[in-house]
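Structure, as C-alpha cells:
The values are calculated or read from the model by the stated rules, or taken from the named source; none is laboratory data. Everything numeric here is computed off the predicted structure, so don't read it as measured data. Because the Cβ atoms are built from the backbone with ideal geometry, glycine has one as well, and the counts that use them run over all protein chains shown. Ligands, DNA and RNA are excluded from the accessible area calculation, which covers all protein heavy atoms including side chains. Shrake-Rupley method; radii C 1.70, N 1.55, O 1.52, S 1.80 Å.
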Amino acid sequence: MNEILQQLLNGIIIGSSYALLAVGLTLIFGIMRIVNFAHGEFYMIGGVLCFYLVQALQLNYFVALVLAVVLAMVLGAVLERSILRWLKDASIDSTIIVTIGLSVFIQNVMLLWMGPVPRSIPSPFGNTPIVLGGLTFTAIQIFVLAVTALVIVGFHVLLQHTFLGKAMRATFSEKDAARLVGIDTDRIASVTFVLGSGMAALAGALLGSIYLVYPSMGAIAVLKAFIIVIMGGMGNIMGAIAGGLLLGVAEGFVSGFISSDYSEAIGFFIVIAVLLFKPQGLFGRKGQV
Amino acid sequence: MRLTPKRAFLVAVVALAAAAPWILPNYYLHILTTAGLFVMLTSGLNLIHGYIGRLSLGHTAFYGLGGYTAALLSTKLGLGLLLTLPLAALTAAVAGLVLGHITLRFRGAQFVLVTLAFAAILHLFANNLVDFTGGPMGLSGVASPLLHKDLEGFQVFGSRASFYWLVLALDVVTVYLVWRIVHSVLGDAMIAVREDEHLAEAIGINEYRYSMLAFVFGAAVAGVAGAVYAHYVSFVSPEIFNFSIMIMILVMVILGSVGTVVGPVIGSILVVVLLETLRLQESLREPIFGITLVAVTLLFPQGLAVLAGRRFGRRRAGSGAAAQPEVASPATASLAGAAPAAARGGVLLSVEHLTVRFGGLIAVDDVSFEVRRGQIVSLIGPNGAGKTTTLNLVTAFIARNAGRIVFDGHECPRHMSPHQVAELGMIRTFQTTRGLLAVPIGKAVATGLHRTLGLGWGRIARAALLGLPDQGLERRALEILRQVGLDRDPDELTANLSYGEQRLLEVAIALAARPSLLVLDEPVAGMNMEETVRMMALIRRLRDSGITILLVEHDMKLVMGLSDHIVVLDHGKRIAEGTPAEIQGNPQVIEAYLGRGAVNAAA
C-alpha cells in the first residue's frame with residue numbers, strides 16, 4: 001500500500017511538470033495553429049541554462065531558475081519573430097517540418113557546445129530525504145510541485161481574469177472574429193509563443209533539478225508533451241493538465257512495478273488507446289464536419 | 001511500347017548505372033549503393049507524404065523492422081537472401097497495416113506523433129530485448145551471400161558489385177511501381193484524398209483504402225531496404241531506428257520535391273554524394289539538416305525537381321502543341337453521367353424519423369421525407385434549421401442517433417462511410433467551395449469518374465503493376481465539362497477559376513461520378529444573378545436527363561422556380577412539405593421565416 005502511495009506521489013511530482021510542458025504546447029497549437037516540435041528544445045534550454053547559471057556563474061539557484069526561464073522566453077520571442085511568423089497561414093504539416101528542423105538544429109548546436117554528458121543541477125536544499133508517514137521525498141521535489149502548481153494556477157487566473165487572457169481565449173476560439181473586434185492577433189501569437197516557451201523552460205529547469213540535464217533531453221520530452229496534448233484533446237488546457245498528471249502517475253507505476261526500461265513506452269500505448277477509442281481526447285468534444 | 005526520347009533517356013540512365021562496376025572503383029560503388037537504399041526509403045515516404053498527404057516520421061521503423069527480420073532469419077535460421085527479403089517486406093507490410101489502421105484516420109499532429117513514437121518504441125525494444133535482438137550490441141554475422149569475391153569472373157568488380165546491382169534492380173522496380181501508381185487512376189484517387197478527403201469520399205473514393213495502399217507499399221519497400229542493408233553490412237543494431245536517419249530521409253524528399261516521382265531519387269543521390277564529397281564532420285551534419293528543413297520549407301517548398309522542371313518546361317514551351325480534344329459526336333451529347341431514368345415517380349430516397357443530437361442540442365428531430373425519382377426536391381428553412389445537417393446525415397458524413405434511411409432499395413445502416421453511400425449512386429456537393437485546387441480541371445473531373453471504373457482489388461493490382469488500358473477518361477471529362485457549360489482549358493488549375501466556375505466544376509465532378517441522386521448543398525450561394533440563372537438551367541437539364549436532385553438552398557426564386565417538392569425545416573423539425581404553391585401559402589412556413597406578425601398581417 002505504501003509502495004503504491006509512494007509511486008503515486010512520485011508520479012504526481014513528475015506529472016505536474018509534464019502538465020506545465022503540455023499546457024504551453026497545447027496553447028501554442030490552439031492559438032497559433034502551429035504543431036511545435038521545437039517545444040522540447042525550450043525545455044532543454046531551460047534545464048541547461050539553469051545548470052550553467054548555477055555552476056559556471058555561481059548564481060543563487062532561485063535567481064538562476066528565473067533567469068533561465070527569462071532567457072528562454074527571449075529566445076522564444078526571437079524565433080517567433082524571425083521564423084514562425086512565416087508560418088501564419090501555412091499547412092499544419094509545414095509547421096511540423098519547420099519546427100522539427102529547428103528542433104534538430106538547436107539540439108545539435110547544444111550538443112556541439114556542451115557535449116553529450118548529462119549534468120546535474122546542484123540542489124539548493126541538499127539531498128537529505130524527508131520521511132513522512134512512510135513516504136519518502138526530497139525538499140526539491142516538494143519545491144517543484146509547489147512551483148508548477150503555482151504557475152498553472154497563475155496562468156489560469158491570467159487566462160480567465162485579465163484582458164490579455166480574454167484576448168487569448170478569443171483568438172483561440174475564433175481568430176477572424178477576434179481580429180474583427182480589434183484584437184491584434186499577431187501580437188497575441190507572439191505573447192502565446194513566449195509564454196508557452198517559458199512554461200517549457202520552467203518545466204525543464206525544475207525536472208532538471210530532480211534528474212539530469214543534457215542536450216537530447218528535449219527530444220523525449222516533446223514526445224511526452226504531444227502524448228499528453230493528444231490525450232487531453234488538441235488545444236484543451238484542462239485536458240493537458242489532467243493528461244500530464246495521468247502520464248506522470250502511469251509512468252511512475254510502470255517503473256515502480258514493472259520495469260523502468262519500459263516506463264517511456266506506457267505513454268505510447270495510452271495514446272494509441274485514446275486514438276482508437278476516444279480520438280477527440282479524453283476531455284475533448286466531438287467535432288463536426 | 002513506343003520509344004519516346006524520354007524513355008530512351010531513362011533506358012540510357014539505367015544502362016549507364018548498371019555499367020558502373022566496370023567504370024567506378026569500389027569506394028564509389030559503396031556510395032551509390034547507399035544512395036540506392038535511400039532511394040527506396042524516400043520513394044516510399046514520398047508516396048505517403050506527397051500523395052496521400054500524411055507526414056510519416058516513423059518510416060525508419062519499417063526500415064529497422066526489415067533489417068532485424070532479415071538479420072534474425074539469417075543468423076538464427078540460416079535463411080538466405082531470397083527468403084529474407086520477401087519475409088522482411090511481409091513483416092514491414094503487416095506492421096504498416098496495423099499502424100496504418102490506427103493512424104490513417106488522422107492527419108497532422110496525431111499522425112506524426114504515433115508514427116514517430118512507433119519508431120521510438122521499436123528502438124526501445126531493440127535495445128532492451130537483449131536475448132532476441134542482441135540489445136545495444138546488435139546482431140552481427142548476417143550472411144552476405146552476394147559477396148562473390150572468390151567467385152571466378154567476378155573479381156574484376158570486387159565485392160561491392162553484386163550488392164550494387166541488387167540495389168539498382170530494386171530501385172528500378174520501386175521507382176517503376178511508384179510511377180505506375182501515381183500516373184494511374186490510383187494516383188488520382190490519392191491526390192484527391194490528399195487535397196480534400198471529404199470531397200474524395202463524396203464521389204466514392206475510399207479514403208482508407210488508398211491511404212492504406214500507399215502506406216503499406218511504403219512500409220514494404222522500406223522493409224526490403226532494411227533487409228538489404230542488414231545483409232550488405234552483415235550487421236544490424238538499434239541505431240537503424242535512429243531519428244537522425246529519419247531526418248535525413250525527410251531532407252532528401254523535401255529537397256528533391258515532394259509529390260514527384262523523380263524528386264526523391266534526385267534528393268537521395270544529391271544528399272549522399274554531397275555528404276561524401278564535403279566530408280563533413282559527423283557532428284555538423286545534423287544541424288545542417290535541421291536548417292535545411294527550415295530553409296527549404298520556407299523558401300522553396302516545391303523542391304529542386306520542380307524548380308528544375310519549370311526551367312526546362314519554359315524552354316520547351318510552345319513546341320508541344322496541346323492535343324486537340326476529340327469533338328464529341330452529337331449522339332453522346334446527352335448527359336454522359338445520367339443513370340437510366342427508370343421507374344420515374346417511384347421512391348428513390350426515403351428518410352424516416354431521422355434524429356441527431358450534438359450534446360444537449362437536437363439538431364435534427366424526427367424528420368421524415370421522401371425523394372421521388374426524376375424530381376427536384378428542396379430542403380428549405382431559416383438559418384440553423386438543420387438543413388445541411390440533414391444532408392450530412394443522409395450522405396453519412398455524420399452518424400445519426402435514430403431513424404431509418406433507405407436509398408434505391410438499400411437499407412443504409414447507421415455507421416456507413418460516405419464513399420459507400422456514393423457507391424450506391426448518391427453523390428453530393430458541398431456548401432463551401434472545396435477543392436482539388438492544385439489539380440487541373442480536366443484531371444479533377446476525371447477523378448470524379450473514379451466510381452465508374454469498377455476498381456476491385458484485381459484491377460487495382462493491374463493498375464499498379466502494368467497500368468490499365470486507356471479508358472478515355474480525359475475525353476469523358478471534357479464532355480462533362482462542356483455539358484455543365486464550363487468552357488475552359490482542361491489544363492487550367494482549379495484555383496484559377498472564378499467562384500461561379502468553381503461551383504460549376506464541383507457539379508461537374510459530382511456528375512462524373514454518375515449519380516442517380518445528386519445532392520446539392522446551396523448550389524447558388526454567393527453567385528450573381530447571371531450565374532444563378534445558369535445554374536438553375538443546368539439543374540433543370542440534369543433533372544430532365546433523369547437525375548434526381550435533392551438540394552438545400554436559401555435562394556427562394558431558385559427553390560420556387562425549380563422544385564417539384566419542398567420540405568421545410570425549422571429548429572430541426574419538419575414543419576411542412578408540399579408543392580411550391582402549397583408552401584408559399586402555408587402560414588406555419590411564413591411564421592418560421594418572418595415571425596408571427598407577418599402571419600397576422602397576411603390574415
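Things to note:
- Boolean, A:I152 is more than 14 Å from every other protein chain (Cβ to nearest Cβ), surrounded by 13 or more Cβ atoms within 10 Å (Cβ to Cβ) and part of a loop (DSSP other than H, G, I, E, B): no
- The set of residues in the range A:189-206 being of a type in the set (A, V, I, L, M) and in contact (Cβ under 8 Å) with a residue 60 or more places away in the chain consists of A:A189, A:V194, A:L195, A:M199, A:A200, A:A201, A:L202, A:A203, A:A205, A:L206.
- Boolean, A:E3 is acidic (D, E) and within 14 Å of another protein chain (Cβ to nearest Cβ): no
- Pick from the range A:234-262, criterion facing chain B (nearest Cβ under 10 Å) and part of a helix (DSSP H, G or I), ranking: least open to solvent (accessible area, probe 1.4 Å): A:Y262
- Residue check for A:I230: part of a helix (DSSP H, G or I), within 14 Å of chain B (Cβ to nearest Cβ) and either under 23 Å from A:A38 (Cα atoms) or of a type in the set (S, T, Y) (or both): yes
- Which numbered condition B:L436 fails, given (1) under 20 Å from the mean Cα position of the chain (by Cα); (2) in a loop (DSSP other than H, G, I, E, B); (3) under 17 Å from B:L518 (Cβ atoms): (3)
- Every pair of residues 6+ apart whose Cβ atoms lie under 8 Å, when the first sits in the range B:558-579 and is farther than 20 Å from B:V347 by Cβ while the second is acidic (D, E) and not in a strand (DSSP E or B): B:V559/B:E553
- Answer residue from the range A:274-286, given it is part of a helix (DSSP H, G or I) and facing another protein chain (nearest Cβ under 10 Å) and is most open to solvent (accessible area, probe 1.4 Å) among those: A:L276
- Residue match in the range A:87-104 (condition: open to solvent by 60 Å² or more (accessible area, probe 1.4 Å), closer than 14 Å to A:I45 by Cβ, hydrophobic (A, V, I, L, M, F, W, C) and facing chain B (nearest Cβ under 8 Å)): no
- Scan of the range B:380-411 for residues that are aliphatic (A, V, I, L, M), within 12 Å of chain A (Cβ to nearest Cβ) and open to solvent by less than 30 Å² (accessible area, probe 1.4 Å), ordered by number: B:L391, B:L393, B:A396, B:I398
- The range B:397-415, residues that are under 19 Å from B:I203 (Cβ atoms) and part of a loop (DSSP other than H, G, I, E, B): B:F397, B:I398, B:D408
- Cβ-Cβ distances below 9 Å connect the following pairs, each with a first residue in the range B:343-367 that is at positive phi, a second residue that is acidic (D, E) and open to solvent by 70 Å² or more (accessible area, probe 1.4 Å), and a separation of six or more residues or different chains: B:H353/B:D366.
For (1) open to solvent by less than 60 Å² (accessible area, probe 1.4 Å); (2) under 12 Å from A:F193 (Cα atoms), each residue gets a yes or a no:
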residue	(1), (2)
A:N10	yes, no
A:G24	yes, yes
A:I34	yes, yes
A:F37	yes, no
A:G47	yes, no
A:V70	no, no
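- A:A219 meets the conditions (1) at the interface with chain B (Cβ under 8 Å from one of its Cβ atoms); (2) without any contact (Cβ under 8 Å) to a residue 40 or more places away in the chain; (3) open to solvent by 30 Å² or more (accessible area, probe 1.4 Å) in every case but one. The failed one is (2).
- Criterion violated by B:E423 - all others in (1) over 20 Å from the mean Cα position of the chain (by Cα); (2) open to solvent by 40 Å² or more (accessible area, probe 1.4 Å) satisfied: (1)
- Hits in the range A:191-216 (condition: more than 13 Å from chain B (Cβ to nearest Cβ) and over 12 Å from the mean Cα position of the chain (by Cα)): A:V191, A:T192, A:F193, A:V194, A:G208, A:S209, A:I210, A:Y211, A:L212, A:V213, A:Y214
- Checked against (1) buried (at least 22 other Cβ atoms within 10 Å of the Cβ); (2) under 22 Å from B:L550 (Cβ atoms); (3) among the hydroxyl-bearing types (S, T, Y), B:T447 meets all criteria but (2).
- Residue-level check: of (1) buried (at least 18 other Cβ atoms within 10 Å of the Cβ); (2) touching a helix residue (DSSP H, G or I) at 6+ places or on another chain (Cβ under 9 Å), B:R373 misses just (2).
- All positions within the range B:495-530 that are of a type in the set (D, E, K, R) and either buried (at least 24 other Cβ atoms within 10 Å of the Cβ) or under 22 Å from B:A477 (Cβ atoms) (or both): B:E501, B:R503, B:E506, B:R514
- Long-range neighbours under 8 Å by Cβ, at least six apart or interchain, first residue touching a residue at least 40 places away in the same chain (Cβ under 8 Å) and farther than 15 Å from B:D489 by Cα within the range B:436-449, second assigned to a loop (DSSP other than H, G, I, E, B) and small (G, A, S): B:G448/B:A513; B:L449/B:A513
- Condition check for B:A161: assigned to a helix (DSSP H, G or I), open to solvent by less than 20 Å² (accessible area, probe 1.4 Å) and touching a His at 6+ places or on another chain (Cβ under 9 Å): yes
- Test: residue in the range B:184-192 that is closer than 19 Å to B:L41 by Cα and either outside any helix (DSSP H, G or I) or open to solvent by 30 Å² or more (accessible area, probe 1.4 Å) (or both): no
- Only one entry of B:F289, B:F235, B:F243, B:F300 meets the criterion of being within 14 Å of chain A (Cβ to nearest Cβ), touching a residue at least 60 places away in the same chain (Cβ under 8 Å) and of a type outside the set (A, V, I, L, M), and that entry is B:F243.
- Candidates are the residues of the range A:108-132 that are open to solvent by less than 60 Å² (accessible area, probe 1.4 Å) and more than 8 Å from every other protein chain (Cβ to nearest Cβ); the one that is farthest from A:D176 (Cα to Cα) is A:G126.
- Any hit, the range B:333-356, residues being at pLDDT 90 or above, within 14 Å of chain A (Cβ to nearest Cβ) and surrounded by 12 or more Cβ atoms within 10 Å (Cβ to Cβ): yes
- Enumeration of residues in the range B:71-109 that are touching a Pro at 6+ places or on another chain (Cβ under 9 Å), open to solvent by 30 Å² or more (accessible area, probe 1.4 Å) and either among the charged types (D, E, K, R) or closer than 19 Å to A:I272 by Cα (or both): B:R105
- The range B:476-516, residues that are outside any loop (DSSP other than H, G, I, E, B) and among the polar types (S, T, N, Q): B:Q483, B:T494, B:N496, B:Q502
- Of the residues making up the range B:268-277, one or more are closer than 30 Å to B:N127 by Cα and open to solvent by 40 Å² or more (accessible area, probe 1.4 Å).
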